[in-house]
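Down below is the structure, laid out as structure tokens.
The values are calculated or read from the model by the stated rules, or taken from the named source; none is laboratory data. Predicted model, so just to flag it, every value in this text is computed and none were measured. Neighbour counts run over all protein chains shown; Cβ positions are idealised from the backbone, glycine included. These accessible areas exclude ligands, DNA and RNA; they are computed on the full protein's heavy atoms, side chains included. Shrake-Rupley method; radii C 1.70, N 1.55, O 1.52, S 1.80 Å.
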Amino acid sequence: LWVNGLWFTSLVVSLTTTLIAVLTKQWINEYMVLPSGTPCDRSRVRHFRLIGLEQWHVPLIIGLLPVIMHVALGVFFAGLIIFVCALSRYMAAALGSMTGLGALAYFVSNVLPLFYANCPYKTP
């Protein structure tokens, strides 16, 4: 029962994140549409839209999407390890080790840019 709860939570979070990503893409596409009129009018409309995007925290929402997906992936792997643990302790240990290595790589890719400015591993 625990495992199913974790997996369904992961599924719902992943699908909700995907929906929000599609919505934000539509919002950005609306921002990119060039309105008709003089260059001054187009500039004003575009600036008006930009202020709206910033006031409604669209950049923050876009920045949080990968983090939410990472959380969903972590919940899924937790459920997977619990599920496999009931089948075989050895398989669970192997799966846990691989998941731990992946989590370590994720952690390192988040920490390295703090120490090296030219590090290309920039994650949220």
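Using a Gaussian network model of the chain in which every pair of alpha carbons under 10 angstrom is joined by a spring, one finds that among P59, P113, P39 the greatest mean-square fluctuation is at P39. Against the longest principal axis of the chain, how steep is helix 58-87, in degrees 0 to 90 to the nearest 10, with axes from Cα atoms? That helix lies at roughly 10 degrees to the long axis.
Based on DSSP H segments of at least four residues, each scored -39500 (n - 2.57), the chain has a per-residue ellipticity at 222 nm of -30000 deg cm²/dmol. Across the range 11-26, rounded Karplus estimates of 3J(HN,Hα) from the backbone phi angles (6.51 cos²θ - 1.76 cosθ + 1.60, θ = phi - 60°) give 5, 5, 5, 5, 5, 5, 4, 5, 4, 5, 4, 5, 4, 5, 4, 5 Hz, Gly and Pro being marked x.
Can you classify the range 59-124 as rounded, prolate or oblate using the Cα gyration tensor, where a ≥ b ≥ c are the square roots of its eigenvalues, rounded means a/c under 1.5, and otherwise it's prolate if a/b beats b/c and oblate if not? Cα axes put the range 59-124 in the oblate bin. Annotation for the range 83-124: chymotrypsin sites (Phe, Trp or Tyr not before Pro) lying in DSSP loop with at most 10 further Cβ atoms inside 10 Å of their Cβ are Y116. Entry comment: accessible area of the chain is 74 Å² per residue, from protein heavy atoms only and a probe of 1.4 Å. Which of the three applies to the chain, rounded, prolate or oblate, going by the alpha-carbon gyration tensor with a ≥ b ≥ c and a/c under 1.5 meaning rounded? Cα axes put the chain in the oblate bin.
Keeping the other protein chains in place, figure out the carbon and sulfur percent of the accessible area of the chain, with a 1.4 Å probe. In the chain, the share of accessible area belonging to carbon and sulfur is 75 percent.
Backbone N atoms of the range 88-124 closer than 19 Å to the 7 Å Cα→Cβ label point of L64 belong to residues 123-124.
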